[in-house]
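Okay, so here's the structure we're looking at.
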Amino acid sequence: KKPPVRVAITGAAGQIGYSLIFRIASGEMLGPNQPVILHLIDLPFAMAALNGVVMEIQDCAFPLVKGIVATDNQAVGFKNVDYALLVGAKPRGPGMERGDLLKDNGKIFTETGKHINEHASRDIKVVVVGNPCNTNCLILANQIKDIPKENFTAMTRLDHNRAQHQLADKLGVHTTDIRKIAIFGNHSPTMVPYIDQMTAKNHKATVDQQWVSQTFIPTVQQRGAEIIKARKLSSAASAGNAAMNHITTWVNGTSESDFTSMAIPSDGSYGVPKGLIFSFPVSVKNGKYSIVQGLPISPFYQGLLDKTIKELVDERNAVDHLLK
Ligand code: NAI
């Protein structure tokens, strides 16, 4: 077996944490030969609940768990951490404006950025899950001085997985048969599920354009809201699952016949302003992702891309004071 790696989860006492931590502990994210030391971070008021989670992890007697650090102190929480899943964030309360949400979370992710910069492994891989995840990641990465910016990403894998399911259902195949689709843009209702290169069972597959624009895209964009309506709680198990998928793919790579979606610092590809944390189709090899270039963008998709770009530029402008 390999030496253990340290995996930090913020918001560890929350509902995504509760579905995520046990699966990481069982080896689903990093594989059965990779022991882990869990770093569970939450706010002071949540320490009693977090202690309950710790007791449950202990009671699972996981062979791969070599230690647990449970803390509200980020300097301790991020010490030598190799992977961080940043789930904790301030939720949008009733009547709260998006601008206030951005500001409150801006403070959280500025703090976290400072601690990661100071204490974490120089090779840390980070995925931001807490919303608004793209802009939270932008704020976080801005605090980082000597870790590569590419190591800071945000999660659109849930949107990718949701799209895969809708398409598999439509075409009557299994989700794993659907390849070469991607989410472009913001993790928000402006996200762009792109399917013009889709294959099903390794053959080019098409679906009618009216279904794409009137059913498929709105369904994927609104799926989070649908789940809240049904469960009276936001998606947690599927969000935790996607966060694990994000890291697993980042470590193990994509297959030659496929790509995935990650929100990453834009290099200007597809006309996206440099530096925005933007979801792109990426292929991954040896722990490094690269943007899939040259996908044809129809006028229909360009119109959608322009909207999600504008939304992310507006978000960036709203937190400009945190990016100095
Ligand atoms: P939750 O409210 O059950 O748990 C959040 C936890 O984070 C709480 O225990 C809270 O105390 C903690 N927390 C808040 N601020 C913190 C900080 N500064 N440091 C450490 N911990 C902190 O929420 P849930 O359902 O687990 O969702 C968490 C986040 O994930 C939300 O922001 C939600 O919008 C987001 N989300 C993102 C998705 C995506 O696709 N990117 C999908 C689903 C949820």
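The values are calculated or read from the model by the stated rules, or taken from the named source; none is laboratory data. Note that the structure is a prediction, hence the values are computed from the model and not measured. Note that we place each Cβ from the backbone using ideal geometry, even for glycine, and neighbour counts take in every protein chain shown. Only protein heavy atoms, including side chains, enter the accessible area calculation; ligands, DNA and RNA are left aside. Shrake-Rupley method; radii C 1.70, N 1.55, O 1.52, S 1.80 Å.
Before we move on, is Leu20 open to solvent by less than 10 Å² (accessible area, probe 1.4 Å), within 28 Å of Gly224 (Cβ to Cβ) and within 13 Å of the ligand (Cβ to nearest atom)?
yes
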Quick check, is Ala242 over 18 Å from Tyr301 (Cβ atoms) and either touching a residue at least 60 places away in the same chain (Cβ under 8 Å) or touching a Pro at 6+ places or on another chain (Cβ under 7 Å) (or both)? yes
Residues being within 11 Å of the ligand (Cβ to nearest atom) and either hydroxyl-bearing (Ser, Thr, Tyr) or assigned to a helix (DSSP H, G or I) (or both): count how many of those fall in the stretch 80-92. 0
So in the stretch 93-150, with the set limited to residues that are within 14 Å of the ligand (Cβ to nearest atom) and hydroxyl-bearing (Ser, Thr, Tyr), which one is farthest from the chain's Cα centre (by Cα)? Thr110
Restricting the stretch 61-79 to residues that are surrounded by 12 or more Cβ atoms within 10 Å (Cβ to Cβ), assigned to a helix (DSSP H, G or I) and not polar (S, T, N, Q), the residue that is farthest from the chain's Cα centre (by Cα): Val76
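Given the criterion within 15 Å of the ligand (Cβ to nearest atom), over 17 Å from Ala239 (Cβ atoms) and surrounded by fewer than 18 Cβ atoms within 10 Å (Cβ to Cβ), identify the matching residue among Gly52, Gly27.
From the options Gly52, Gly27, the qualifying one is Gly52.
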Matching residues, the stretch 210-263, being over 20 Å from the mean Cα position of the chain (by Cα) and within 23 Å of Ser19 (Cα to Cα): Lys229, Ala230, Arg231, Lys232
Restricting to the stretch 151-174, and then to whatever is small (Gly, Ala, Ser) and within 16 Å of the ligand (Cβ to nearest atom), can you tell me which residue is nearest to Ser283 (Cα to Cα)? Ala154
I'd like the full set of residues that are of a type in the set (Ser, Thr, Tyr) and within 14 Å of the ligand (Cβ to nearest atom), limited to the stretch 230-259. Ser234, Ser235, Ser238
When residues of the stretch 276-288 are filtered for being open to solvent by 30 Å² or more (accessible area, probe 1.4 Å) and not in a strand (DSSP E or B), how many remain? 1
How many residues, within the stretch 97-108, are open to solvent by 40 Å² or more (accessible area, probe 1.4 Å) and not acidic (Asp, Glu)? 4
Under 9 Å between Cβ atoms, at least 6 apart or on separate chains: pull out the pairs that start in the stretch 301-324 with a residue that is under 26 Å from Val220 (Cβ atoms) and end on any residue that is of a type in the set (D, E, K, R) and open to solvent by 40 Å² or more (accessible area, probe 1.4 Å). Tyr301/Asp196; Glu315/Arg98; Ala318/Arg98; Ala318/Lys103
Go through Ser290, Ser279 for me and flag whichever is out of contact with any Pro (no Cβ under 8 Å at 6 or more places or on another chain) and touching a residue at least 40 places away in the same chain (Cβ under 8 Å). Ser279
Across the stretch 201-225, the tally of residues that are farther than 19 Å from Arg157 by Cα, in contact with a helix residue (DSSP H, G or I) (Cβ under 8 Å, 6 or more places away or on another chain) and either open to solvent by less than 20 Å² (accessible area, probe 1.4 Å) or part of a strand (DSSP E or B) (or both) stands at 1
Hits in the stretch 126-147 (condition: open to solvent by 40 Å² or more (accessible area, probe 1.4 Å) and over 20 Å from Thr190 (Cα atoms)): Asn142, Lys145, Asp146
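Residues of the stretch 30-49 being in contact with a strand residue (DSSP E or B) (Cβ under 9 Å, 6 or more places away or on another chain), in contact (Cβ under 8 Å) with a residue 40 or more places away in the chain and within 16 Å of the ligand (Cβ to nearest atom), which ones? Don't jump to the end; show me each part of the working.
Of all residues in the stretch 30-49, those in contact with a strand residue (DSSP E or B) (Cβ under 9 Å, 6 or more places away or on another chain) come to 30, 34-42, 47.
Still in the list and also in contact (Cβ under 8 Å) with a residue 40 or more places away in the chain: 30, 39, 41-42.
Answer for the stretch 30-49, where residues must be in contact with a strand residue (DSSP E or B) (Cβ under 9 Å, 6 or more places away or on another chain), in contact (Cβ under 8 Å) with a residue 40 or more places away in the chain and within 16 Å of the ligand (Cβ to nearest atom): His39, Ile41, Asp42.
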Please go through (1) open to solvent by 20 Å² or more (accessible area, probe 1.4 Å); (2) within 15 Å of the ligand (Cβ to nearest atom); (3) not acidic (Asp, Glu) for Pro3 and return the number of the only condition it doesn't satisfy. (2)
Taking Ala239 and the conditions (1) part of a helix (DSSP H, G or I); (2) in contact with a helix residue (DSSP H, G or I) (Cβ under 7 Å, 6 or more places away or on another chain); (3) open to solvent by 30 Å² or more (accessible area, probe 1.4 Å), which numbered condition does it fall short on, given that it satisfies the others? (3)
